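Structure first, then comments.
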Amino acid sequence: MPRPRRHLVLASLFLGVGCGALADGRQHDAGGAPCSFTPATDASDLAPGLIVGAEVLLPEGSRAGHGVHVRFNGGLGAVGEFDAVRAALPDAAVLDCRGAAVLSPGFVNAHEHPAYSHAFPDAGLNPGYVHRDEWRLGTDGALPLPIPERIVHAPGDARSAAILLAMELRHLLGGATTIAGPGGLPGVVRNIDRHQRPGDIELYDYEADVEVFPFSFQAVADLREECAGGPAHRFARRTADDLAFMAYVPHVGEGRKASCAARAEVARYLRRVQRRDRRYALVHGVATDRQDYAVMREFDVTLVWSPRSNLALYGETVDIAGALPSGVRIALSTDWSPSGSFHMREEVRCARRAAAAVGAELPADTLWRMSTVHGAYALGLEDRLGAIRPGLLADLVLVAHAGGDPHDAVLTATHREVLAAWIGGRALLLSETLPESLGAGRCVALDGMAPRVCGVLSGFGLSPATFAKHVAGSVPVNDTTRQAPCEPPP
Ligand SMILES: [Zn+2]
């Protein structure tokens with residue numbers, strides 16, 4: 001696995017060992033490249049790390065001409081005015097992109113189904129469903145949608161590795177350095193879920209209760225009598241009583257506002273959160289209303305919003321015009337490729353469309369917060385990731401910036417504008433304008449995407465050619481043409 005090699009790789013990179021650094025150790029490329037690179041000096045026995053100079057997006061606002069110290073161990077060190085950071089760390093390598101790039105924390109995608117997110121939308125996908133149970137189970141005569149093949153990584157299995165790698169690279173290219181949900185591939189994007197199987201320990205960086213439907217896997221059937229005016233249903237199986245972790249991130253109210261079952265799920269969940277015994281999030285919540293947002297705000301419940309998947313399945317999404325002014329914390333997420341956005345930047349695009357359709361203002365810095373700090377908060381990980389702050393993990397994206405709103409530059413970057421993406425200080429994506437010595441191992445070019453992929457493929461026994469062969473039928477790393485539609489109701 002690539003991850004255990006991290007420290008050795010970083011130490012040698014930052015010392016410029018074997019990296020083909022330029023003889024005078026100064027400019028990497030004067031020919032219009034956005035950044036200049038200066039290798040670390042090896043004058044001391046301390047691991048000096050890397051200083052990145054750029055416009056830096058901090059939780060408190062954007063800072064031009066800032067420097068961020070990526071420490072040798074994958075954490076963030078000093079953050080401050082570029083010259084001051086450089087003076088404090090004279091031996092560090094320097095990637096100076098001031099005036100040409102924005103540095104942001106990677107997006108935290110708070111809700112995904114990585115094991116299934118290789119699949120295209122089914123031909124039967126339509127926005128006519130009333131509740132999740134209809135497309136999952138065919139309840140009430142609805143057309144069930146096929147559940148895609150579940151891809152689980154088995155060491156030595158190149159096919160599963162390639163398919164999951166394509167899924168994670170797609171999210172990384174789309175700005176996400178963390179995805180929460182069951183499955184994935186160890187050592188690439190940061191995965192969050194609950195360890196349950198052998199192998200999970202190296203897959204999940206942190207644990208949270210993210211996998212479950214809190215009340216039932218067939219809520220419509222269970223609630224039928226209650227919804228017909230009968231007595232309140234008592235659920236036999238209460239996954240919500242079997243929680244292990246600080247953060248709980250379940251599907252709740254995934255159905256139209258007109259769905260009694262979806263409304264009943266929301267009502268039960270919002271009673272549960274009043275225990276204030278852990279971090280609560282509410283995924284989808286299509287059936288939530290303005291009174292619910294007031295309760296969620298009071299009890300610190302994050303709304304995890306996946307507008308594309310909501311619109312593609314239910315023809316509606318949360319009352320975003322009510323949610324935004326309510327002050328409820330909102331985190332964006334993609335859900336999964338069969339009905340959701342292929343990556344976070346596409347989710348941002350859909351969120352903008354959904355907000356515009358109801359006349360709601362959704363500024364770039366709000367969307368950026370929904371994609372970073374709020375996602376981390378939903379997972380209870382705001383002291384680990386989701387922001388650029390000393391002591392947090394160096395999960396970063398660097399994008400070219402030719403002017404305009406810096407948050408917007410990060411939210412809308414094309415693959416050609418992605419200069420680098422680091423996870424735990426390892427640069428897994430690297431523009432060809434940057435020296436390969438910055439990468440987390442050997443960098444290779446893959447078809448259809450501009451930045452090179454560093455230090456990843458060979459660890460899974462893959463070459464660009466075998467990778468391409470195995471992923472031929474999966475959602476591509478960089479092509480959203482077959483993504484589910486994002487069509488808000490008129
Ligand atoms: Zn989901």
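The values are calculated or read from the model by the stated rules, or taken from the named source; none is laboratory data. Predicted model only: the values in this text are computed from it and were never measured. Cβ sites come from the backbone with ideal geometry, for glycine too, and all protein chains shown count toward neighbours. Remember, those area values only see protein heavy atoms, side chains included, never the ligands or the DNA or RNA. Shrake-Rupley method; radii C 1.70, N 1.55, O 1.52, S 1.80 Å.
A few notes on this one:
- Lone qualifier among Leu165, Leu223 - being more than 24 Å from Val252 (Cα to Cα), open to solvent by less than 10 Å² (accessible area, probe 1.4 Å) and of a type in the set (A, V, I, L, M, F, W, C): Leu165
- Considering only residues in region 42-54 that are out of contact with any Lys or Arg (no Cβ under 7 Å at 6 or more places or on another chain) and surrounded by 22 or more Cβ atoms within 10 Å (Cβ to Cβ), the one that is farthest from Val79 (Cα to Cα) turns out to be Pro48.
- Qualifying positions in region 201-216 - charged (D, E, K, R) and either open to solvent by 20 Å² or more (accessible area, probe 1.4 Å) or more than 16 Å from Glu112 (Cβ to Cβ) (or both): Glu202, Asp205, Glu207, Glu211
- The condition (being out of contact with any Cys (no Cβ under 7 Å at 6 or more places or on another chain) and over 25 Å from Pro144 (Cβ atoms)) is satisfied by just one residue among Arg263, Arg297: Arg297.
- When Gly386, Gly375 are checked against the criterion of being surrounded by 24 or more Cβ atoms within 10 Å (Cβ to Cβ), in contact with a Pro (Cβ under 7 Å, 6 or more places away or on another chain) and among the small types (Gly, Ala, Ser), a single residue qualifies: Gly386.
- Helices (runs of 4 or more DSSP H) within region 165-255 that include 3 or more residues within 30 Å of Ala409 (Cα to Cα) and out of contact with any Asp or Glu (no Cβ under 9 Å at 6 or more places or on another chain): none
- Members of region 87-117 found to be under 30 Å from Phe213 (Cβ atoms), of a type outside the set (A, V, I, L, M, F, W, C) and part of a loop (DSSP other than H, G, I, E, B), listed by number: Gly106, His111, His113, Pro114, Tyr116, Ser117
- Among the candidates Arg297, Arg279, Arg272, Arg234, residue that is among the charged types (D, E, K, R), open to solvent by 50 Å² or more (accessible area, probe 1.4 Å), touching a residue at least 24 places away in the same chain (Cβ under 8 Å) and more than 16 Å from the ligand (Cβ to nearest atom): Arg297
- Put simply, of Pro148, Pro144 the only residue that is farther than 15 Å from Glu168 by Cα, in a loop (DSSP other than H, G, I, E, B) and within 16 Å of the ligand (Cβ to nearest atom) is Pro148.
- Filter pass, Pro338 being more than 14 Å from the chain's Cα centre (by Cα) and assigned to a loop (DSSP other than H, G, I, E, B): yes
- The set of residues from region 403-413 being open to solvent by 30 Å² or more (accessible area, probe 1.4 Å) and in contact (Cβ under 8 Å) with a residue 40 or more places away in the chain comprises Asp405, Asp408, Thr412.
- Applying the set (1) farther than 21 Å from Ala110 by Cβ; (2) at pLDDT 95 or above to Val283 leaves exactly one unmet item: (1).
- Filtering region 126-154 to residues that are surrounded by 18 or more Cβ atoms within 10 Å (Cβ to Cβ) and of a type in the set (S, T, N, Q) leaves only Thr139.
- Residue within region 76-96 that is in contact with a Gly (Cβ under 6 Å, 6 or more places away or on another chain), within 21 Å of Thr177 (Cβ to Cβ) and open to solvent by less than 40 Å² (accessible area, probe 1.4 Å) present: no
- Test: residue in region 357-367 that is within 16 Å of the ligand (Cβ to nearest atom) and under 20 Å from the mean Cα position of the chain (by Cα): no
- Where Met246 falls short, out of the listed (1) open to solvent by 50 Å² or more (accessible area, probe 1.4 Å); (2) over 23 Å from the mean Cα position of the chain (by Cα); (3) more than 28 Å from Leu169 (Cβ to Cβ): (2)
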